[in-house]
Amino acid sequence: MDYTILAPIAGILALIAAGYFAYSVLRENPGTERMRQISGAVQEGAMAFLNRQYRTIAIFAVIIFIILGFAISWYVAGGFVLGAVLSAAAGYIGMNISVRSNVRTAEAAKGGLAKALSVAVRGGSVTGLAVVGLGLLGISGVYLIAAYVLTPAGQPVDLKPLVGLGFGASLISLFARVGGGIYTKAADVGADLVGKVEAGIPEDDPRNPAVIADNVGDNVGDCAGMGADLFETYIVTALAAILLGSIPAIQNSLTSSYGLAASAVANLATFPLLLGAAAIIATIISIFFIRLGSSNNIMGALYKGLIAATVLSIILFYVADLYLLGGNVGIFIASLVGLGVMAAIFMITEYYTGTGHRPVNEVAKASVTGAGTNIITGIAMGLEATALPVLVIVVGIFLAYYFAGLYGIAIAAVAMLSVTGIIVTIDSYGPITDNAGGIAEMAELPPEVRKHTDALDAVGNTTKAVTKGYAIGSAALAALALFAAFKADIPLPPEQLNLSVDNPVVLIGLFIGGAMPFLFSALCMLAVGRAAFKIVEEVRRQFKEIPGIMEGTAKPDYGKCVDIVTVGALKQMALPGLLAVLTPLVVGFILGPAALSGLLLGVIITGLMLALHMTSAGAAWDNAKKFIEAGNYGGKKSDAHKAAVVGDTVGDPYKDTAGPSLNALIKVMNTISLIFIGLITTYYLLR
């Protein structure tokens with residue numbers, strides 16, 4: 001039996017489960033007419049932005065499709081289009097349900113915390129299962145077509161269409177992350193600076209003209225953006241493992257040094273697909289474990305699902321290893337290493353970003369003496385937060401390599417990403433509860449409803465930060481495995497490929513690659529600043545020119561703010577995207593494959609560090625503000641609160657725009673290099 005067929009079957013099961021959870025959420029009560037009107041405005045704005053964003057991206061995609069078709073092959077171009085379409089679909093499906101789950105969560109909060117948590121988690125699970133379902137269905141489907149349709153019998157499987165698939169997913173992820181991140185943070189910053197700081201009105205107050213745009217942003221950034229981000233990481237990680245499992249040198253190393261039976265070599269390429277299938281089954285079951293206990297510990301309830309998914313995955317990984325690889329202990333341990341890295345990064349990120357721990361409390365305390373000390377402490381906590389995750393990743397790389405070589409590192413990354421379904425479920429719960437709180441505030445629901453949604457939202461801030469840390473950590477392992485595949489794919493004998501840092505060309509590439517994340521982040525931050533500036537001006541104008549807004553007798557023009565951030569985000573996302581696509585090609589064709597290798601290593605190293613710093617610092621600023629709003633250090637409207645709002649404003653583009661977009665930057669640069677390395681090397685030899 002060819003067990004590979006289980007992978008697309010599992011992908012289909014994930015989509016069926018997503019449909020079931022979507023149906024169960026849509027059956028819930030959507031609340032009062034006022035609640036439905038507010039939710040409808042958020043839905044309309046979110047879907048309008050996503051549709052316009054995808055139309056804009058489609059222009060880039062068509063150009064790249066044509067270039068790939070003529071320069072590489074139409075099979076690669078076809079894989080690129082499929083990856084782009086599936087990535088867009090994953091974000092679209094998830095956000096479609098997210099913007100309908102918010103109002104139902106707000107209504108469910110009338111019946112208590114447990115009911116609201118259940119609705120939010122089921123809504124988030126649609127995104128989670130859509131991501132892994134479409135991801136595994138896409139990569140296993142393309143692999144089976146490549147193996148049984150495109151490749152002549154007895155020949156090695158042509159894996160280039162899979163690389164095209166990964167590039168398509170990475171490109172969509174990059175634009176979704178950058179565009180969605182610019183949108184959500186421009187709206188958030190504008191709403192906070194004028195609403196909270198200048199006008200002194202609460203968050204999500206219906207008098208704030210930017211409040212609908214802010215709620216729309218939660219969905220396009222944290223739901224659609226994160227869905228596309230982890231979809232491409234899931235695809236690219238599996239791709240890297242498949243590529244490494246197909247390299248004869250790595251196959252020989254596993255049989256000679258790591259005890260792999262010769263009869264199991266043929267299954268190395270497909271083993272990652274079976275790990276994904278096993279984890280999907282574990283994820284579907286684990287969602288039912290997320291229940292609120294008598295202690296009302298929301299994070300504890302979410303951890304139940306994560307622990308269940310991890311334990312079930314371990315059992316199923318062992319079964320997959322037993323049947324496909326003859327029970328190879330080293331490769332099985334490598335898969336456990338990946339799950340261990342996931343758990344460690346999850347806990348470390350929660351420590352640095354969750355309320356009740358030292359880092360967030362330090363930032364909140366620093367707010368008492370003003371915005372300056374708040375920002376200094378937040379930056380310091382973000383810098384400190386890079387050390388432990390990097391140590392965990394380093395230990396993970398060492399152990400995985402010790403037990404199963406380079407293939408072990410790839411398998412550790414696959415295992416880490418295999419539980420993406422439950423991680424995205426926990427993440428997407430965040431914007432749903434955030435929107436639910438906004439709807440409760442704008443619809444003037446009873447205070448106990450907002451109390452429940454605020455409790456859910458506070459945990460949602462931490463889960464969103466934890467998911468970003470998870471995505472960054474997994475991206476590091478995936479990028480390393482992808483780089484190993486890239487290096488093996490360079491069509492040059494070892495004596496002609498000098499990758500030593502003594503080679504000035506390699507060093508030049510390292511420096512250029514090391515600088516890329518900083519330049520890319522600067523463009524993202526500036527884009528948020530420019531769009532936020534326009535929102536601040538618009539909100540100030542409306543407060544000044546529309547009489548009765550502050551008294552509640554006149555309705556703000558919400559649509560104007562939505563339109564401003566939509567246009568601003570779509571205009572500003574092009575330059576960072578082009579930078580990511582063109583830089584590897586320019587460096588590769590001008591300086592050659594050695595410089596390109598240095599470029600990729602440089603962007604992996606500094607991209608990892610900068611992303612960890614930005615996401616951790618931003619989340620610490622956000623939760624420090626929440627901690628003060630809960631009544632600490634003077635509570636709302638105190639000087640400490642105003643300082644914390646300023647810090648949170650700085651942290652917003654850190655954690656939701658630039659930081660998470662670096663994941664996609666790393667993968668886009670690696671996949672496009674992998675696609676074009678043949679042409680780059682040929683051109684280099686002919687010069």
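Side notes on the structure shown:
- Residues satisfying the stated conditions in the range 482-502, i.e. in a helix (DSSP H, G or I) and farther than 16 Å from Val668 by Cβ: Ala484, Lys487, Ala488, Asp489, Pro494, Glu495, Gln496
- Annotation note: Cβ proximity below 9 Å between a residue of the range 463-492 that is under 25 Å from Ile680 (Cα atoms) and among the acidic types (Asp, Glu) and a residue that is assigned to a loop (DSSP other than H, G, I, E, B) and at pLDDT 80 or above (sequence gap 6+ or interchain) occurs for Asp489/Ile247.
- Leu302 being more than 13 Å from Val419 (Cα to Cα) and either surrounded by 16 or more Cβ atoms within 10 Å (Cβ to Cβ) or in contact with a strand residue (DSSP E or B) (Cβ under 6 Å, 6 or more places away or on another chain) (or both): yes
- Test: Lys555 is closer than 20 Å to Arg530 by Cβ and basic (Lys, Arg): no
- Residue match in the range 2-16 (condition: out of contact with any Pro (no Cβ under 9 Å at 6 or more places or on another chain), closer than 29 Å to Phe317 by Cβ and either of a type in the set (S, T, N, Q) or outside any helix (DSSP H, G or I) (or both)): yes
- Residue that is modelled with pLDDT of 95 or more and either surrounded by 13 or more Cβ atoms within 10 Å (Cβ to Cβ) or over 18 Å from Lys571 (Cβ atoms) (or both), where the choices are Gly513, Gly529, Gly552: Gly513
- Residue in the range 96-119 that is surrounded by fewer than 24 Cβ atoms within 10 Å (Cβ to Cβ) and more than 30 Å from Glu33 (Cα to Cα) present: no
- Among the residues of the range 45-81, those identified as of a type in the set (Gly, Ala, Ser) and either closer than 15 Å to Lys160 by Cα or touching a residue at least 40 places away in the same chain (Cβ under 8 Å) (or both) are Gly45, Ala46, Ala48, Ala61, Gly69, Ala71, Ser73, Ala77, Gly78, Gly79.
- On inspection, Thr583 passes the criterion of being buried (at least 21 other Cβ atoms within 10 Å of the Cβ), over 30 Å from Arg207 (Cα atoms) and among the polar types (S, T, N, Q).
- The listed residues are Leu612, Leu608, Leu662, and the only one of them that is crowded, with 24+ Cβ neighbours inside 10 Å, at pLDDT 90 or above and farther than 29 Å from Gly79 by Cβ turns out to be Leu612.
- Test: residue in the range 536-545 that is modelled with pLDDT of 95 or more, closer than 27 Å to Thr657 by Cα, touching a helix residue (DSSP H, G or I) at 6+ places or on another chain (Cβ under 8 Å) and part of a helix (DSSP H, G or I): no
- Pair list, Cβ under 6 Å, 6 or more apart: the range 270-294 residue touching a residue at least 60 places away in the same chain (Cβ under 8 Å), other residue part of a loop (DSSP other than H, G, I, E, B) and crowded, with 23+ Cβ neighbours inside 10 Å: Ala279/Val419
- Test: Gly552 is touching a residue at least 12 places away in the same chain (Cβ under 8 Å) and on the phi > 0 side of the Ramachandran plot: yes
The values are calculated or read from the model by the stated rules, or taken from the named source; none is laboratory data. Note that the structure is predicted; figures quoted are calculated from it, not measured. Positions of Cβ are generated from backbone atoms using ideal geometry, with glycine treated the same way; all protein chains shown enter the neighbour counts.
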